1. Which residue, of E460, E468, E419, is modelled with pLDDT of 95 or more and more than 18 Å from R547 (Cβ to Cβ)?
2. Determine whether the range 317-340 contains at least one residue that is crowded, with 23+ Cβ neighbours inside 10 Å, touching a His at 6+ places or on another chain (Cβ under 8 Å), over 19 Å from E429 (Cα atoms) and modelled with pLDDT of 95 or more.
3. Considering the range 106-162 alone, what residues qualify as being within 25 Å of Y344 (Cβ to Cβ), more than 16 Å from ligand 1 (Cβ to nearest atom) and not in a loop (DSSP other than H, G, I, E, B)?
4. Here is a list of conditions, (1) open to solvent by 20 Å² or more (accessible area, probe 1.4 Å); (2) away from ligand 1 (no atom under 16 Å from the Cβ), and A93 meets all of them except one; can you say which number that is?
5. Residues that are closer than 30 Å to M244 by Cα: find the helices (runs of 4 or more DSSP H) completely inside the range 303-386 holding 3 or more of those.
6. Name the residue that is farthest from ligand 2 (Cβ to nearest atom), counting only residues in the range 163-177 that are part of a loop (DSSP other than H, G, I, E, B) and free of Cβ contacts under 8 Å to residues at least 60 places away in the same chain.
7. Considering the range 57-90 alone, what residues qualify as being β-branched (V, I, T) and open to solvent by 20 Å² or more (accessible area, probe 1.4 Å)?
8. Among (1) in contact (Cβ under 8 Å) with a residue 24 or more places away in the chain; (2) buried (at least 21 other Cβ atoms within 10 Å of the Cβ), where does G37 come up short?
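The values are calculated or read from the model by the stated rules, or taken from the named source; none is laboratory data. Computed from a predicted structure; not experimentally measured. Every residue, glycine among them, receives a Cβ derived from its backbone with ideal geometry; neighbour counts consider all protein chains shown. Accessible surface is based on the protein model in full, side chains and every heavy atom, while ligands, DNA and RNA are left aside. Shrake-Rupley method; radii C 1.70, N 1.55, O 1.52, S 1.80 Å.
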Amino acid sequence: MRLTETADIWWKNAVVYCLDVETFFDTNGDGCGDLRGVGQRIDHLADLGVTCLWLMPFYPSPDRDDGYDITDFYGVDPRLGTHGDLVELITLAGDRGIRVIADLVVNHTSNAHPWFQSARASRQSPYRGWYVWRDEPPADQHEGIVFPDQETSLWQYDDEAGQYYLHRFYKYQPDLDIANAEVREEIQRVMGFWLQLGLSGFRVDAVPFLLDTTGAEDAGNLPDPHDYLRDLRAFLDRRHGQAMLLGEVNLPYPDVRRFFGDEDGDELTMCFDFIGMQRMYLSLARNDPAELVKSLRQRPATTEESQWGTFVRNHDELTLDKLSDDERQEVFDAFGPEKEMQLYGRGLRRRLPPMLGNDQARLKMVYSLLFSLPGTPVLFYGEEIGMGENLAIEGRGAVRSPMQWTTGPNGGFSTADPEHLTAPVTEGEFGPEHVNVAAQRRDPDSLLNWIKLLVRRYRECPELSWGECTILEHNAPAVMAHRSEYEDGAIVTAHNFGAEATEVTLGVAGSGVGLRAVDLLRDGSTELAENGSLTLQLEPYASRWLRIVGPGDRYLI
Ligand code: NOJ
Ligand code: CA
């Protein structure tokens, strides 16, 4: 591998950090985080080693779905700042080697969007055909509802329009009709606009729903939705050349594979690994890595330019929708037994540290897995310091409480009165007195410093993200071990999912003569046995990364 390839295809070993501008850092004391605030905290992200910042929607919005209900695709919500503030942030980030991407939420608009207002007002409106209308809802209108706590149908009757409209999500989010050529062109214009302002790509919201043309059958001659995704990618490549599309596609592996495109990977650049994430939680619940191993074996290979986006938590509920009912119940029993922790019958509105009883060794093991398994790790703000959820906030908002910077008022997030904050600060064991950036910067054993170390090593070892990953067989059932190889580099990792210390012997080379395994996360090295095996003593929840080196190797270790 030429090292410059890792710069050209930068997303393949990026460290992505997702944040909600509203809850990150407030600079003007109005209780709402802002774009200037993200700029002021850019060195926290740089220090962490982030290389790509993903901004959740910052567009004008009635904010009924935390900004995923948009009234102007070309605007910046005045509560968060201006276009000027965004450009300043992109400039600051660029100086620190951080690219910026943003949510592209074009499956739907807010019902307050002027397009929808016009569309509903008259059948003659030029925007009428931008949405999906029916005189009668179809028989299957109750199937596939995403938010079953709030919605009972995918179709809503609109008095003003005198027809039903399709909404895959909340009823205040009418679906755009991508079978309509004008809509497709407009989406490209939106992308072109933000690329011109300096974004390096998009996290594409709800891709399978965006491509689904159900309801638009009447139009006849429907275009192949994947052709459309291919068009979007080609447009992106023409306009920018080094931008990427990171898609939200929560489907079984064979179906997700299609969203990368055919053999040449010409659709989404990256897809989140929802299946691996769910199997990882089942493995954690069982203290047994078998399920995670199984999913890694089933996970389709990517092309050289594509990549999986791996994650432990995101801004939504921890969805367990692809597990069987019994498996999901196991995860609920282990990590979210109370009803108020669960959501939509399929997920948990919790962050990881409280799920694990704040066991630091176990938490560190999970993040070590995230950074060592093949893929591009995506962090959600607050994970780096082990923030907990705030169940006092409704629904999915429980994991979107204000970032905890210091022990000061409002955890250093804002100088506003607590009752004016956009979301309440977490209290108790996971509140800012116990969990905050300032204290963890100074504590060498903190989760923050552990994650910084993982990020540094991950970036230094492109074998992990670029290489071939092989699961190593052995006889310690609680241990997962894998080997990542690229050209002449080889990294071996071992993770103990169990609460007991254990020993594991791994075959890591054909012959061990002259070879050593050098620890990358701690001091020390171990000689390989003559037969090429490596024996490790693993503490409970141990995480080990080792580079296999011979006498002539010139790796900096
Ligand atoms: C998926 C997003 O992750 C979620 O937060 C949002 O509510 C829906 N799409 C609708 O945009
Ligand atoms: Ca503010």
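1. E419
2. Scanning the range 317-340, I find no residue that is crowded, with 23+ Cβ neighbours inside 10 Å, touching a His at 6+ places or on another chain (Cβ under 8 Å), over 19 Å from E429 (Cα atoms) and modelled with pLDDT of 95 or more, so the answer is no.
3. The answer is W155, Y157.
4. Just one mismatch for A93, condition (1).
5. Here the list reads 360-372.
6. Kept after step one, since they are part of a loop (DSSP other than H, G, I, E, B), are these residues of the range 163-177: 167-174, 177.
Next, only the ones that are free of Cβ contacts under 8 Å to residues at least 60 places away in the same chain stay: 167, 177.
Details: H167: 31, D177: 36 Å.
So the residue we want is D177.
7. Across the range 57-90, the qualifying residues are T71, T82, V87, I90.
8. (1)
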